Amino acid sequence: MNYRKLTYWASTGLLCLVYAASATFYLTSGDMVRGMMAGLGYPGYLVPVLIVVKILAVIAILSRRSLFLSDLAYAGMFFHLLLAISAHLNAGDGGFAPALIGLVLLVASFLTQNAARASKSPYAPALSAAHA
């Protein structure tokens, strides 16, 4: 297995684990999460929406049954992580590190997906064999 495939599977696995763990935490500690989100300036009604969206994003990326949905999940995660970093920086609570790590994992996964998957995303860069 070349390093691009290894990078893809490691980063994708960790990213999906982070999102699945987050959705589980939101499910099991909803009141605490609503309080934390209120502290960041977000309404509590976003919690159930985020649970569903996070789970669907993990399924879309891992199953890759639809390239469109997989790429849409990457885009949604990208903006979610940017907003999370921004919210924590704005609140000054120093809690942006997990979102920043997630963003690094997301970028690594997105950039290496075509090296590891049979169905190629039209939006991920096509890296030549010389770069592999």
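The values are calculated or read from the model by the stated rules, or taken from the named source; none is laboratory data. Note that the structure is a prediction, hence the values are computed from the model and not measured. We place every Cβ from the backbone using ideal geometry, glycine too, and count neighbours over all the protein chains shown.
Among residues of the stretch 89-104 that are without any contact (Cβ under 8 Å) to a residue 12 or more places away in the chain, those with a beta-carbon under 8 Å from a residue that is surrounded by 14 or more Cβ atoms within 10 Å (Cβ to Cβ) and assigned to a loop (DSSP other than H, G, I, E, B) at least six positions away or on a different chain give the pairs 89/96. Taking the listed residues 89, 82, the one that is at pLDDT 95 or above, part of a helix (DSSP H, G or I) and surrounded by fewer than 17 Cβ atoms within 10 Å (Cβ to Cβ) is 82, with no other qualifying. Applying the condition of being surrounded by 12 or more Cβ atoms within 10 Å (Cβ to Cβ) and not in a helix (DSSP H, G or I) to the stretch 30-70 and asking which residue is modelled with the lowest pLDDT yields 40. Put simply, of 27, 103 the only residue that is surrounded by 12 or more Cβ atoms within 10 Å (Cβ to Cβ), out of contact with any strand residue (DSSP E or B) (no Cβ under 6 Å at 6 or more places or on another chain), at pLDDT 95 or above and farther than 20 Å from residue 7 by Cβ is 27.
Taken over the stretch 80-111, the criterion of being under 23 Å from residue 10 (Cβ atoms) and not aliphatic (A, V, I, L, M) is satisfied by 80, 96, 98, 102, 109, 110.
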